[in-house]
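Taken together, the values in this text are just the output of simple stated rules run on the coordinates, not laboratory data. Since the structure is predicted, the reported quantities are computational estimates derived from the model, not experimental observations. No Cβ is skipped: glycine too gets one built from the backbone with ideal geometry, and neighbour counts run over all protein chains shown.
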Amino acid sequence: MDYFNDAEVEKQAEFAKKRDQFFRPVVTALAARGITPAGLSIAGILAALAASLIPADFWILTAVLLGLYVLMDGLDGPLARLTGSQSQGGSMLDIFADQVGVIFVAVGAVVWLDANAFANILFAFFYINAIYLIVLCKFLGAGIPLILRVKYVYFVLYVVSLAFEFSILIDVFCAVFLAYYAVFFAKLFRMAYDAVNARG
């Protein structure tokens, strides 16, 4: 279970193979200590949540926690493959963990930067739901379009905005990509709707 279209799957498989090789010593050590992929995913979610709760003055700690979140996002898949513990449920948790940080950062931006709530919250809403609709379309066998995934850019802009205590960059970013993901949300929703109807 993933959220990549046919053109991306091959490249993603190549990337995953290289990532697994790079992280093999780390995931081998994690497996030896009994750490599970689900445990890593949950730890990553908690790191992202903690990052969103930290005031702007402590932006370095926020950056470290978001870095840990991204790292754990990168380790849970290789750990599952190394231990042979891949499952549909694990894939669903992984996808949720991969994306939920966007929601936490949006809330953090509104609380700590007084960022535009409309732009940030709606950006997070349409981004997350576009990803979930991609997963649904793949499950239903509907072709999916190529779509930009900008969560890491959002995270970097959040940390930079905390460091300099301004929100203009993150607000402009969210305004632009809110519109982008709203369009894709509508398109993907229609594709999923048609695919469900085609099944009768």
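Laid out as a table, the results:
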read-out: Interatomic Cα distance distribution for the chain, bins of 10 angstrom, percent; value: 9, 31, 34, 22, 4, 0
read-out: Residue with peak Gaussian network fluctuation, the chain [Cα springs, cutoff 10 Å], from Leu178, Leu162, Leu61; value: Leu61
read-out: Note, ³J(HN,Hα) from phi for the stretch 162-167, Karplus 6.51, -1.76, 1.60, rounded to Hz, x at Gly and Pro; value: 5, 4, 9, 6, 9, 10
read-out: Positive-end residue, the chain charge dipole about Cα centroid, Cβ charges, pick of Ala163, Asn116, Val70; value: Val70
read-out: Simple Cβ-charge dipole of the chain, Lys/Arg +1 and Asp/Glu -1, about Cα centre, in debye nearest 20; value: 480 debye
read-out: Straight-distance crosslink candidates among lysines, where the alpha carbon sits under 18 Å from Lys187 and sequence neighbours closer than 8 are dropped; value: Lys138
read-out: Mean ellipticity per residue at 222 nm, deg cm²/dmol - from DSSP H runs of n ≥ 4 across the chain, formula -39500 (n - 2.57); value: -29000 deg cm²/dmol
read-out: Calculated from backbone phi, Karplus (6.51, -1.76, 1.60) coupling profile of the stretch 139-154 in Hz, x at Gly/Pro; value: 4, 7, x, 7, x, 10, x, 6, 9, 5, 10, 10, 4, 5, 5, 4
read-out: Most to least packed among 140-147, 6-13, 103-110 [average Cβ atoms within 10 Å]; value: 103-110, 140-147, 6-13
